[in-house]
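Data block below; observations after.
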Amino acid sequence: MDTTKIVIIDDHQLFREGVKRILDFEANFHVIAEGDDGEEALDLMAKHDPDVFIMDINMPKVNGVEATRRLVDANPEAKIIVLSIHDDENYVTHALQTGARGYLLKEMDADALVDAVKVVADGGSYLHPKVTHNLVREYRRLTENGISNGGRNGSGSGGTASATYQQVEIRRPLHLLTRRECEVLQLLADGKSNKAIGEALFISEKTVKNHVSNILQKMNVNDRTQAVVVAIKNGWVEVR
């Protein structure tokens, strides 16, 4: 397999060293450079041409969002994972709109970091499970408000709109997924990590990963975030 070249930019040296240590355990990962401020991002890209940037969102001179914007302006194909302590959807949305391909919370475990780099390097997007849950909850809130407003402002048949929404909400993709895969999909929407899903269903983490791979293939999506968004739009999961 090809080596994935990674640049880490974070102003906390101890945290940066911890991230580097985790990544260096992966045979096909190679941390080729480090920086302590977003100001260095363009120079590091020009000098090293990395496959993936891992970027802290809060830095003293140039923050991660601004550095991401500069990188994407210079190279629209730049693949950037933002690291943050913030799980608020406003931070996430801003980072993604700027061009980030991933968003991880600093409370992540090692597996989430490795998975995120693999997914983003392959051209996908990756959100921390807790972040996914918050975005899904906000999406559902906006959807409910939209349906409610549509009922009041349309033909006056608000009850019909509400009934239709409830009918959609209880649908399940059993025509597409197995019952176990439906359970896994619901737990993905709940913001559970692979480890937490395994504990909830009393199965191994490896089995969970296999189920997630099957779900992505059957739903024809690139990553778990897209799977959850599609599931929400089709009423296949509940936001709890």
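The values are calculated or read from the model by the stated rules, or taken from the named source; none is laboratory data. On a predicted model such as this, the values are computed, not experimentally measured, just so you know. Cβ sites come from the backbone with ideal geometry, for glycine too, and all protein chains shown count toward neighbours. Note: areas computed on protein heavy atoms with side chains; ligands, DNA, RNA excluded. Shrake-Rupley method; radii C 1.70, N 1.55, O 1.52, S 1.80 Å.
Here are a few things to note about the model shown:
- Accessible area of segment 3-44 divided out per residue, in Å², using a probe of 1.4 angstrom: 52
- Backbone geometry of segment 24-38 corresponds, through the Karplus equation with coefficients 6.51, -1.76 and 1.60 at θ = phi - 60°, to 3J(HN,Hα) couplings of 5, 6, 7, 4, 9, 9, 9, 7, 9, 6, 9, x, 10, 7, x Hz, x marking Gly and Pro.
- Cα gyration tensor shape of segment 1-111, rounded if a/c is under 1.5, else prolate or oblate by comparing a/b with b/c: rounded
- In this structure the amide hydrogen of TYR126, modeled in the peptide plane, comes within under 5 Å of the amide hydrogens of GLY102, TYR103, none closer than 5 places in sequence on its chain.
- 3J(HN,Hα) along segment 220-231: 6, 10, 8, 7, 5, 5, 4, 4, 5, 4, 4, 5 Hz, from the Karplus curve 6.51 cos²θ - 1.76 cosθ + 1.60 with θ = phi - 60°, whole Hz, x for Gly and Pro.
- Carbon + sulfur, % of accessible area of segment 3-60 - ligands and nucleic acids excluded, 1.4 Å: 48
- Here segment 180-240 is treated with +1 on each Lys and Arg Cβ and -1 on each Asp and Glu Cβ, and its dipole about the Cα centre works out to around 100 debye.
- Global form of segment 78-119, assessed from the alpha-carbon gyration tensor, a/c cut-off 1.5: oblate
- Rounded if a/c under 1.5, otherwise prolate or oblate - segment 51-139, Cα gyration tensor axes: rounded
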